[in-house]
Amino acid sequence: MPEVKESGHNFRALGLIFILAFLVALTILFTDKNLQTDFGIQHPYFIHWYGMLTIAIVSLIAGAVLLVQGRRSLGLAGTIGSSLLALFLIADLATYSQVGFKSVSQFATYLFGVMKYPGSLSYIPGLYDLLFALFVIGAIVGAISLRSHKKA
């Protein structure tokens with residue numbers, strides 16, 4: 001049974017990544033006034049805010065479950081989930097017109113830029129990048145853990 005413990009440890013690392021993603025998503029939820037109000041047009045919360053809330057909740061639950069139960073089946077679900085969340089963040093670019101941008105590249109510059117987008121409300125640039133990176137890293141860690149568990 002030592003292989004299972006080692007693999008469980010690897011899946012717990014994936015759980016920690018999900019917890020970090022939860023903290024980043026939570027920070028985005030509380031600090032991004034553009035996300036909260038559709039760039040000042042709607043109050044109190046814009047639909048994209050609820051999408052980020054869903055990401056935060058899913059990340060918290062996945063992280064907690066993987067930390068407590070490091071089983072392979074949960075690791076597989078976490079790896080797939082991390083991959084899907086990274087793709088979801090990229091797919092969000094398709095909604096550029098909903099938030100008033102004229103092109104995908106403008107919205108991508110806002111989301112993935114490291115400098116504050118001109119004319120936007122208060123937010124912390126780079127957090128969306130960090131969240132995306134955590135999900136990509138989570139998918140990689142999960143895939144490596146699954147592979148090492150299979151060899152064991």
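The values are calculated or read from the model by the stated rules, or taken from the named source; none is laboratory data. The shown structure was predicted, so the numbers you read here are calculated from the model rather than taken from an experiment. Using ideal geometry, Cβ is built from the backbone for each residue, glycine included, and neighbour counts are taken over all protein chains shown. Accessible surface is based on the protein model in full, side chains and every heavy atom, while ligands, DNA and RNA are left aside. Shrake-Rupley method; radii C 1.70, N 1.55, O 1.52, S 1.80 Å.
Which whole-number value in Å² is the accessible area per residue of the stretch 12-62, probe 1.4 Å?
Values: 2500 Å² over 51 residues.
The answer is 49 Å² per residue.
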Along the charge dipole of the chain, pointing to its positive end and built from +1/-1 on Cβ of Lys, Arg, Asp and Glu, which listed residue (LEU87, ILE47, VAL141) has its Cα farthest out?
VAL141
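Could you order the peptides 64-72, 126-134, 98-106 from most to least packed, using the average number of other C-beta atoms within 10 Å per residue? Let's see the in-between values first.
On the way: 64-72: 17.1, 126-134: 18.9, 98-106: 13.6.
The densest-packed peptide leads the list: 126-134, 64-72, 98-106.
Using 0.36 nm times the number of residues separating VAL104 and GLN42, minus their current alpha carbon distance, what extension gain do you get?
On the way: separation 62, 0.36 × 62 = 22.32 nm, distance 2.15 nm.
Stretched fully, the VAL104-GLN42 segment lengthens by 20.2 nm.
Using the Kirkwood radius over Cα pairs, work out the Stokes-Einstein diffusion coefficient for the stretch 50-113 at 20 °C and 1.002 mPa s, in µm²/s as a whole number. Present the calculation step by step, with values, prior to reporting the outcome.
On the way: Rh = 13.4 Å.
Roughly 160 µm²/s, to the nearest whole number.
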List HIS43, HIS48, ordered by accessible area with a 1.4 Å probe, largest first:
HIS43, HIS48
Would you kindly calculate the translational diffusion coefficient of the stretch 1-148, applying Stokes-Einstein with the Kirkwood radius from alpha carbon pairs, for 25 °C and a viscosity of 0.890 mPa s, and quote it in µm² s⁻¹ without decimals?
154 µm²/s
